[in-house]
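Below: the structure, in structure tokens.
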Amino acid sequence: MRAQLLHLSGPMRGRTITYAPALVRVGSDARCEVCLRHERVAEAHAEITWKQDECRFHLRRVEGQVFVNGNEIEEIILRDEDLVEFGPGGPMARFRTYVPAGAVCKPVRRMLSDAAAVARHSGTVTATRTLTSDLLTKATLRLKIGFPILVAMVAGLLYLWFGHQLSKAEQRMTADQVTREEVALMRAEYQAQIDRLTRAHSVVRDIQQRWSQGVCMIHGIYRLRKQDGSWFQPLQGAPWQSEYTGSGFLVSEQGHIVTNRHVALPWTEERKIQALLEEGYVPVFTELTVTFPRHMPVDVAQDTIRRRRDDLDVALLKISAEQAAGIPVLPMRVGDAPSDDQRAIVVGYPTGLAALLARASSETLDELRRSAANMTEAITQLASAGGIAPIITEGIVSNVEAHLIAYDAATTSGGSGGPVFGGAGEVIAVNFAIQRSFDGNNLGVPIRYARELLLE
């Protein structure tokens, strides 16, 4: 797969260029694969990276501002026909994926999803054939080679294990050493394994059917107000504003919502904004809403936001008890996160509106196209159509420390502030960071720090 840009404006306007490297650097420096000599373009402005294991392109800003379809981003998964702007008023390009002849790439998650769909209609045997065919013909080269080897290794280990167990059983039976107590113990161990698997399935089902309804999308737009009451306006035109989305979850019947500090107070993470605040500018939300599944957006007053006194990335929002009625309050673990709890189930809205639109019905998408809706209107229409629902991913907890929990459950920008459930079905952390240098490691703040803030 290769990245292709149709340059709409700037020094390369009118040209369609396909870039072969897996890492495509964009900037004004001549060493960049996409060299844009423009006053709005930094030397190392942004990077487009092909993620082979995901079969997707990621766009990440480096030194300059980047806008995708009109929204400023830090990092995003690119889709065909996305409109990318390098710097405010800078060069614009249309992104497309170029597929060389004979190239195939299908993510493992899509393979599993397709196999599950086939199983529902045509049975397990057909679904197994479908999955095997995809793994052998449409996976990455590494997976094509690794999958047969893994299957052979597992089959060999199972053969050896069963042979060993059979041999041991035969020896015990020959020596007449199998007692009733041993048989009872073996049955108890088997039943315990079945119970653990049943509980694991039950936890995921409860999260899908109930607790996910208590996870909201947060949408905010804020501006900077001068001391004389006018708005910050660096360029001619409309006043400057920043728009973003994040995740949060309800933790009390009184309407308290836990999220990240950088979602509730986004200007705390922007160095350029911090410099303006030091000059006397004041950040003001012109819009701040939370939208729960099966509910319409609810306005949040800026003065209800509470953050911790330390630097931990946790904050609270507040809606009224009447507005929170009918929304499930998520169970939070009491005390520290258990070191022996190896499951991490993350619920949230990664990529924000883009993921919701990808799952929306064709009728809803047609209505949005006809009305040319902005983000606020799009969220309202999706909520009205029942199209607000979080994404649930599952992984393994790799590390538990006093101030953070690390796990490999997939998430990205927009998922910040969502709950991380443990294997017991309780929230053990607040998702807050993606370790960009290693996609398999994401971070959460232990939930006890949110509980402390709630009790203040």
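The values are calculated or read from the model by the stated rules, or taken from the named source; none is laboratory data. This structure is a prediction, so every number in the text was calculated from the model and none was measured. Glycine also receives a Cβ, built like all others from the backbone with ideal geometry; neighbour counts cover every protein chain displayed. For accessibility, only protein heavy atoms count, side chains too; no ligands or nucleic acids. Shrake-Rupley method; radii C 1.70, N 1.55, O 1.52, S 1.80 Å.
Across the stretch 268-285, in residue order, what do the Karplus-derived ³J(HN,Hα) couplings come to in whole Hz, using 6.51 cos²θ - 1.76 cosθ + 1.60 with θ = phi - 60° and x for Gly and Pro?
Taking θ as phi minus 60°, the curve returns 5, 9, 10, 4, 5, 5, 4, 4, 5, 5, 5, 7, x, 6, 10, x, 9, 6 Hz for the stretch 268-285.
Return an integer: the convex hull volume of the alpha-carbon atoms of the stretch 363-456, in Å³ per residue.
It comes to 154 Å³ per residue, whole-number rounded.
Starting from a Cα-only point model with no solvent, please compute log10 I(q)/I(0) by Debye for the stretch 242-296 at q = 0.15 1/Å.
For the requested q values the scattering log ratios are -0.55.
Heavy atoms of the protein only, probe of 1.4 Å, neighbouring chains included. What is the accessible area of Met375 in Å², nearest 10?
Met375 exposes around 30 Å² with every protein chain in place.
Hey, can you rank 93-99, 378-384 by average C-beta count inside 10 Å, highest first?
Top of the packing list down: 378-384, 93-99.
Grab the Cα-Cα distance for Asp206 and Glu43, subtract it from 0.36 nm times how many residues apart they are, and report the gain in nm with one decimal.
Length gained, Asp206 through Glu43: 53.7 nm.
For labels at Lys226 and Ser398 in the simple 7 Å Cα→Cβ model, what's the distance in nm?
With each label point 7 Å from Cα toward Cβ, the separation is 4.9 nm.
Provide the gained length on full extension for the span Leu83 to Val99, in nm with one decimal, where the gain is 0.36 nm per separating residue minus the Cα-Cα distance.
3.8 nm
Counting Lys and Arg as +1 and Asp and Glu as -1, what is the net charge of the other residues whose Cβ lies under 11 Å from the Cβ of Pro297?
Computed value for this residue: -3.
Taking the convex hull of the alpha carbon atoms in the stretch 215-311, what volume per residue do you get, in Å³?
It is 120 Å³ per residue.
Suppose we take every Cα in the stretch 1-72 and form the convex hull; what volume per residue is that in Å³?
94
Give the accessible area for Leu265 in Å² (nearest 10); use a 1.4 Å probe, count only protein heavy atoms, and leave out ligands, DNA and RNA.
Rounded to the nearest 10, that gives 30 Å².
Taking all protein chains together and a probe of 1.4 Å, list Arg210, Arg61, Arg225 from the most accessible to the least accessible.
Arg210, Arg225, Arg61
How far, in nm, would the chain grow between Cys35 and Glu452 when pulled straight, counting 0.36 nm per residue and subtracting the alpha carbon separation?
In short, 145.1 nm is gained.
If one computes the Cα centroid of the stretch 259-330 and of the stretch 35-98, what distance in Å separates the two points?
27
Taking a temperature of 25 °C and a viscosity of 0.890 mPa s, what whole-number D in µm²/s does Stokes-Einstein yield for the stretch 253-371 with Rh from Kirkwood over alpha carbon pairs?
In µm²/s, the coefficient is 140.
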